[in-house]
1. Among the residues of region B:1-42, which ones are of a type in the set (Ser, Thr, Tyr) and more than 8 Å from chain A (Cβ to nearest Cβ)?
2. Only one residue in B:45, B:79 is within 12 Å of chain A (Cβ to nearest Cβ), over 18 Å from residue A:28 (Cβ atoms) and of a type in the set (A, V, I, L, M, F, W, C), so which one is that?
3. Can you name the condition, by its number, that residue A:71 falls short on among (1) part of a helix (DSSP H, G or I); (2) more than 14 Å from chain B (Cβ to nearest Cβ); (3) at pLDDT 90 or above?
4. Can you run down the residue pairs with Cβ atoms below 7 Å, 6 or more apart or on separate chains, where the first is in region B:1-18 and assigned to a loop (DSSP other than H, G, I, E, B) and the partner is of a type in the set (Phe, Trp, Tyr)?
5. Would you check if residue B:83 is under 22 Å from residue A:96 (Cα atoms), open to solvent by less than 40 Å² (accessible area, probe 1.4 Å), touching a Lys or Arg at 6+ places or on another chain (Cβ under 8 Å) and of a type outside the set (Lys, Arg)?
6. Which numbered condition in (1) without any contact (Cβ under 8 Å) to a residue 12 or more places away in the chain; (2) open to solvent by 70 Å² or more (accessible area, probe 1.4 Å) is the only one that residue B:29 fails?
7. Considering only region B:4-26, how many residues are more than 21 Å from residue A:100 (Cβ to Cβ) and either open to solvent by 20 Å² or more (accessible area, probe 1.4 Å) or aromatic (Phe, Trp, Tyr) (or both)?
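The values are calculated or read from the model by the stated rules, or taken from the named source; none is laboratory data. Note that the structure is a prediction, hence the values are computed from the model and not measured. Heads up, the Cβs are rebuilt from the backbone with ideal geometry, glycines too, and the neighbour counts pull from every protein chain shown. For the accessible areas, the whole protein counts, side chains as well, though only heavy atoms, and no ligand, DNA or RNA atoms are used. Shrake-Rupley method; radii C 1.70, N 1.55, O 1.52, S 1.80 Å.
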Protein chains: 2
Amino acid sequence: MLNQVRELDRVFQALADPGRRLMVERLSAGPASVSELGRPLAMSLAAVVQHVQVLEASGLVRSQKTGRIRTCSINPAALRSAESWISERRSLWERRLDNLGDYLAGTAGLPDTGPAAAPG
Amino acid sequence: MLNQVRELDRVFQALADPGRRLMVERLSAGPASVSELGRPLAMSLAAVVQHVQVLEASGLVRSQKTGRIRTCSINPAALRSAESWISERRSLWERRLDNLGDYLAGTAGLPDTGPAAAPG
C-alpha cells in the first residue's frame, strides 16, 4: 500500500516535467536510445540522462544497455496505475453528480417542493 | 498549446503529493471545507491551506468562500486532461505492440523465414 503511494508520487512527479513527457511520448511510438530521446530537447546529454533516470526510478521507463547504447522502452503498468488512479476519482465524482441529478429529477415531481410550487 | 503544457505540468505536480491526492480523493465524494480536507492529515492548517492553493493553481480544485468557510470542489476538466494525456500514450504503445504481433503472426506463416525454416 505504502509502496503503491510512493510509486504514484514518483510517476506523477516524473510526468510533471514537459521534457520527460516528450520522452514518454517518443517512447510510446517504440523503443529509443538515450541520445535519440534527447535529440528534440535543447539540453545537454547529462541533463537527458538525469531525466531518463527519473523516468526509470518512477517505473515509467525501462532500459537495457547493449555495448555502449542504452535503449529505453515504456513500462505500460506504471502508466496504467496513474491512469486508473485519476479515472477512479473522476468517475466517483461523475457518479455523484448523476445521483444528485436523479435525486433532483425525483424531487421535481413532488407537488410541494421548489420555488415553482410556492405561491406567486 | 504552451498553456496546455503548463496546465499538465501543474496538474501532475499537484498529484505527486500523497496528501494532495487524499484531498482530491475526499473531494471526489463531494465538496468539502478546507478544515474538513485537513482533518485526516497530520499537518497544520497553514500547510493544508498551502496544499489547497497548489490544487487550485493546477485547476484540479475550485473553491468558494461563504462567510468564514471556504468550500472546495473538484474541477473534472483538469482530471480529464491528465487522464487523456496518459491514456493516449498508453494506447499508442499498445497499438504498436498489436501491430508488431500481427506482423510477427504474418511472417510466421511464410516458409522461408525464422529459425524453423532453416536447414536442420
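1. B:33, B:35
2. B:79 is the lone residue from the list that is within 12 Å of chain A (Cβ to nearest Cβ), over 18 Å from residue A:28 (Cβ atoms) and of a type in the set (A, V, I, L, M, F, W, C).
3. So the condition that residue A:71 fails would be (1).
4. Here the result reads B:16/A:12, each pair linking region B:1-18 to a residue that is of a type in the set (Phe, Trp, Tyr).
5. Spelling it out, residue B:83 is indeed under 22 Å from residue A:96 (Cα atoms), open to solvent by less than 40 Å² (accessible area, probe 1.4 Å), touching a Lys or Arg at 6+ places or on another chain (Cβ under 8 Å) and of a type outside the set (Lys, Arg).
6. Going through the list (1) without any contact (Cβ under 8 Å) to a residue 12 or more places away in the chain; (2) open to solvent by 70 Å² or more (accessible area, probe 1.4 Å), residue B:29 breaks only (2).
7. The number of residues fulfilling the criteria is 12.
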